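The values are calculated or read from the model by the stated rules, or taken from the named source; none is laboratory data. These numbers come from a predicted model, not from an experiment. FYI the Cβ positions are ideal-geometry reconstructions off the backbone, even for glycines, and counts take in every protein chain you see. These accessible areas exclude ligands, DNA and RNA; they are computed on the full protein's heavy atoms, side chains included. Shrake-Rupley method; radii C 1.70, N 1.55, O 1.52, S 1.80 Å.
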Amino acid sequence: MNQLIIDGVTKQFGALKVLQSCDLTVERGSVVTLLGPSGCGKTTLLRSIAGFVTPDAGRIRVKGQDISRLPPNRRDVGYVFQNYALFPHLTCRDNIAYGLVVRRVPKAEIARRVSQALDLIALAAFADRYPKQLSGGQQQRVAIARALVLEPQVLLLDEPFNALDAQLRLSMQVELRKLIDRVGITSIFVTHDQQEAMALSDRVAIMRGGRIEQIGSPLEIYDRPRSCFVADFIGRANLMPTQVRAGRTEGPQAIAAALPDGPATLVARPENIDLTPGSGPGWPGKVTFLTALGPVIEYEVDCGFSVPVRAALPRHAGVETFEPGALVTARIRDEAAAVVLPGEPN
Ligand code: ATP
């Protein structure tokens with residue numbers, strides 16, 4: 001069953017159209033990430049679900065009930081703020097208990113639920129500490145427990161890893177996903193970090209200029225981007241201008257394309273570009289730069305396009321390496337993995 005249905009949600013601040021008829025359906029227990037550049041409307045959409053923003057048009061339903069007109073405290077939706085917003089003068093235990101106290105839940109039940117929540121986030125030993133006596137990652141877990149203890153239908157998280165350093169961020173992403181799976185709660189994350197979106201989500205919604213441009217599983221979006229914007233935003237992509245004639249691209253490699261004749265863009269991921277020394281079938285070019293990333297070496301090759309072609313070659317024995325200045329030929333390794341989009345790269 002679908003837990004959350006967003007239907008035609010639209011919002012304008014003054015002359016600025018911040019959300020333009022956004023539709024989104026989230027299945028029970030699944031994790032969806034809203035991903036997009038700064039200012040594309042991610043937080044506004046999240047805040048509309050929470051009730052902090054009132055849309056100009058559209059409907060939001062949770063478990064079949066239209067919550068569009070309900071105040072935030074009657075929506076059965078948990079919200080984890082970017083900076084956690086813990087009460088500094090309350091201990092961990094009292095921070096987590098706060099929402100239950102406000103709802104006048106009986107004391108014994110509060111004690112039971114708070115203690116369960118503390119176990120869930122593995123912070124029972126820290127129950128009597130104040131927020132300033134906790135690390136950033138621990139504060140974040142308390143903020144999540146505070147939302148979960150109210151047993152909401154939907155959990156909303158606004159850039160929950162922003163305040164953490166890179167190392168902790170990665171481990172918290174995995175920990176949080178495991179926690180969400182254990183509780184089985186429908187969750188929506190906002191992030192502008194594509195790696196984070198891929199790591200956390202069952203589905204990713206790519207937003208641009210107030211619209212949801214594409215929604216799908218992380219790999220669907222990575223393998224089959226519907227626009228140059230999406231291709232470039234998720235992972236790294238070579239966007240090569242081409243022309244379609246009779247269902248194939250023109251140029252050194254004819255790739256099948258179900259598109260009308262005209263300008264098009266060939267999209268190929270760096271790991272799907274092969275380099276061979278000298279000239280051969282493919283795009284001739286010159287290596288201009290290389291980055292040794294560990295598992296792969298990334299080459300930039302000037303093939304005469306406005307931007308260099310990127311090729312990521314694994315460091316296996318037998319894979320040739322190239323120095324800057326080397327003359328090479330770039331070729332798409334697996335034609336089925338290349339995507340052809342209408343129009344020119346933007
Ligand atoms: P970021 O990643 O930077 O947080 P975002 O995608 O979450 O960006 P929003 O916070 O939803 O973007 O903002 C979208 C646009 O709406 C921005 O241009 C922002 O300045 C504007 N905006 C947001 N809230 C308001 C408001 N209350 N009044 C006026 N403009 C607003």
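General remarks:
- Neighbours of Ala256, meaning other residues whose beta-carbon lies under 11 angstrom from its beta-carbon, give a summed charge of 0 when Lys and Arg score +1 and Asp and Glu score -1.
- Cut-off 12 Å between beta-carbons: net charge of the residues surrounding Thr191, Lys and Arg +1, Asp and Glu -1: -2
- In order through the range 19-31: 3J(HN,Hα) via Karplus (6.51 cos²θ - 1.76 cosθ + 1.60), integer Hz, x for Gly, Pro: 10, 10, 6, 7, 10, 7, 10, 10, 6, 4, x, 9, 10
- Taking the average, over residues, of other Cβ atoms within 10 Å as the packing measure, peptides 230-241, 141-152, 322-333 rank 141-152, 230-241, 322-333 from highest down.
- Using Cβ point charges alone (K and R +1, D and E -1), the dipole size of the range 272-346 about the Cα centre works out to roughly 80 debye.
- For the chain, the antiparallel share of DSSP beta bridges with both residues in that region comes to about 75%.
- Entries of Lys63/Lys178; Lys132/Lys178; Lys11/Lys107; Lys17/Lys178; Lys42/Lys63; Lys11/Lys63 with Cα pairs more than 30 Å apart: Lys11/Lys107; Lys17/Lys178
- The range 25-153, relative contact order in percent, only Cα pairs under 8 angstrom and at least six apart counted: 27 percent
- Centre separation in Å (Cα based) which lies between the range 64-111 and the range 272-313: 53 Å
- Between the helical axis of 92-102 and the longest alpha-carbon principal axis of the chain there is an angle of about 70 degrees.
- Mean-position separation - Cα centroids, the range 151-176 and the range 181-205, in angstrom: 9 Å
- Cα long-axis angle, helix 136-148 against the chain (0 to 90 degrees, to the nearest 10): 60 degrees
- Its DSSP H runs of at least 4 residues, each contributing -39,500 (n - 2.57), put the calculated 222 nm mean residue ellipticity of the chain at -7000 deg cm²/dmol, to the nearest 500.
- Under the shape rule built on the C-alpha gyration tensor, where the axes satisfy a ≥ b ≥ c, the range 34-107 is oblate, since a/c reaches at least 1.5 while a/b does not exceed b/c.
- Local net charge near Pro308, Cβ-Cβ under 9 Å (Lys/Arg +1, Asp/Glu -1): -1
- Over the range 268-342, Cα pairs under 8 Å with separation of 6+ residues give a relative contact order of 44 percent.
- The order of the peptides 29-39, 121-131 by mean Cβ neighbours within 10 Å, most packed first, is 29-39, 121-131.
- Listed residues Leu134, Leu200, Gly51: farthest to the positive end of the dipole of the chain (Cβ charges): Gly51
- The mean sequence distance of close C-alpha pairs (under 8 Å, at least 6 residues apart), as a share of the length of the chain, puts its relative contact order at 16 percent.
- Averaged per residue, the range 264-312 has 45 square angstrom of accessible surface, using a 1.4 angstrom probe with ligands and nucleic acids left out.
- Once both labels are positioned 7 Å from their Cα atoms along Cα-to-Cβ, the gap between Asp128 and Phe13 label points is 4.4 nm.
- Nearest-ten-degree value, helix 107-120 long axis tilted from longest Cα axis of the chain: 20 degrees
- Of the accessible area of the chain, computed with a 1.4 Å probe over protein heavy atoms only, carbon and sulfur atoms account for 52 percent.
- The chain - charge dipole about Cα centre, Lys and Arg +1 at Cβ, Asp and Glu -1, debye rounded to 20: 1540 debye
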